[in-house]
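The values are calculated or read from the model by the stated rules, or taken from the named source; none is laboratory data. Predicted, not measured: the structure shown is a model, and the values here were computed from it. For neighbour counting, all protein chains shown are included, and Cβ atoms are generated from backbone atoms with ideal geometry for every residue, glycine included. Ligands, DNA and RNA are excluded from the accessible area calculation, which covers all protein heavy atoms including side chains. Shrake-Rupley method; radii C 1.70, N 1.55, O 1.52, S 1.80 Å.
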Amino acid sequence: MATAAPDDVVGRWKTESRGGIVEIAKCGSSICGKLVSSDGLKADPALKDVNNKDESLRSRPLKNLVLLKGFTRKKDEWSGGTIYNAEDGGTYKATITMQDADHLKLKGCIVWPLCKTQTWTRLN
């Protein structure tokens, strides 16, 4: 596999579940990703972060919420960052690896080896 360029992850991506669309952008020397749409947001654009483990954050809107942050580029992957899962209100350690120009693999872990991997597809 060819090494992905650092900017290859920048763009809009469709998640595997709930019709999520995450926009990944450069954030300084890192990357970050915000939720721009989902099945839930289509049904209720004012949807709140009601499952957050921190009660003080449960009234914040899910639209444009930063889900991915804190990543460092290491060769062909972004690692050391976190992903926030609004479904269970948890934040997990994450790694992002480009599979090809239109697919990335995102692995989130509670602790190793308790991980879940999703493949996200680029939206053009």
Inset, instruction - Could you list all residues from the stretch 59-72 that are touching a helix residue (DSSP H, G or I) at 6+ places or on another chain (Cβ under 8 Å) and open to solvent by less than 70 Å² (accessible area, probe 1.4 Å)? - result: Leu62
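Every residue, every condition in (1) under 26 Å from Ala101 (Cα atoms); (2) in a helix (DSSP H, G or I); (3) touching a strand residue (DSSP E or B) at 6+ places or on another chain (Cβ under 7 Å); (4) free of Cβ contacts under 8 Å to residues at least 40 places away in the same chain, yes or no:
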residue: Arg12; (1), (2), (3), (4): yes, no, yes, no
residue: Glu16; (1), (2), (3), (4): yes, no, yes, no
residue: Ala25; (1), (2), (3), (4): yes, no, yes, yes
residue: Ile31; (1), (2), (3), (4): yes, no, yes, no
residue: Lys42; (1), (2), (3), (4): no, yes, no, yes
residue: Lys53; (1), (2), (3), (4): no, no, yes, yes
residue: Asn64; (1), (2), (3), (4): yes, no, yes, yes
residue: Thr82; (1), (2), (3), (4): yes, no, yes, yes
Inset, instruction - Would you tally the residues in the stretch 26-58 being surrounded by 14 or more Cβ atoms within 10 Å (Cβ to Cβ) and of a type in the set (Gly, Ala, Ser)? - result: 5
